[in-house]
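Remarks on the structure that follows.
Just so you know, all these numbers are worked out from the coordinates, no wet-lab data involved. Just so it is clear, the model here is predicted, and its values are computed rather than measured. Every residue, glycine among them, receives a Cβ derived from its backbone with ideal geometry; neighbour counts consider all protein chains shown.
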Amino acid sequence: MCHFKQLGLILMIAGFSAVAILDSCAAKQPATLRPGALNAFDSATFDTLVTAQAALETASKEVIAFPAVKPELNKAIDLFNAAEISYKAYHEALAAGKPTDQASLDKLVRNLAASVAAVIDKIRPLKPIPVDGKVRDTIDPGAMILGWRLA
C-alpha cells in the first residue's frame with residue numbers, strides 16, 4: 001500500500017529509487033481505496049500524482065542550485081500537468097460509466113514517474129560511502145548497511 005507520507009519522505013528526503021517507488025504505486029493495487037476512488041487503479045494513480053506533485057514542488061525549490069536541471073524539471077512539470085488532465089478525464093469518464101483509456105493513462109503516469117526520478121537523481125544524487133573501509137559497488141546480501149547516502 002502506498003502512503004503519501006511514506007512516499008513523500010522517501011522522495012523528498014532520501015531520493016532513493018524514486019522511479020521504482022512511483023512506478024510501483026502506479027502498478028500495484030492499494031490494500032484500501034482512497035476515499036473518492038472508483039477502483040484500485042484510480043486510487044493508485046491519484047496517490048502517484050500526489051507524490052509526484054510533492055516531489056516536483058520540492059525540486060522546484062532546489063533547482064536554483066542546479067540550473068542545468070531546469071529544462072528537465074520543466075519537462076517533468078509538463079508531464080505532470082498532462083497526467084493530471086488525463087487522470088481527471090479518466091476519473092470523470094469512469095464515474096459516468098463511459099469508456100476509459102486506462103492503458104494510456106498508465107503509460108503517461110509511468111513516464112512521469114521516470115521523469116521525476118531523473119530530476120531527483122540529478123538534484124540529490126546518491127554517492128557511495130565506505131563500509132568497513134571499502135566503497136562497495138554492490139549490495140552484500142549479508143550486510144545490513146546499503147552503503148549509500150545522500151550527497
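Quick one: length gained pulling Ala114 to Ala95 fully straight, 0.36 nm per residue minus the C-alpha distance?
Gain in length upon complete extension: 4.0 nm.
Fewest to most neighbouring Cβ within 10 Å: what's the order for Ser86, Ser115? It would help to have the intermediate numbers written out before the result.
On the way: Ser86 19, Ser115 23.
Going from sparsest to densest Cβ surroundings: Ser86, Ser115.
For Asn39 and Ile64, what does the FRET efficiency come to when R0 = 25 Å and r is the distance between their Cβ atoms, rounded to the nearest 0.05?
With a Förster radius of 25 Å, E is 0.05.
With a 10 Å Cβ neighbour count serving as the proxy for reagent exposure, in which order, fewest first, do Phe66, Phe80 appear?
Phe66, Phe80
For Asn81 paired with Glu57, estimate the spin-label separation in nm (one decimal), with each label point 7 Å from Cα along the Cα-to-Cβ line.
Between Asn81 and Glu57, the label points sit 1.8 nm apart.
Take Ile64, Ile85, Ile77 and order them by how many other Cβ atoms sit within 10 Å, fewest up front.
By the 10 Å Cβ count, ascending: Ile64, Ile85, Ile77.
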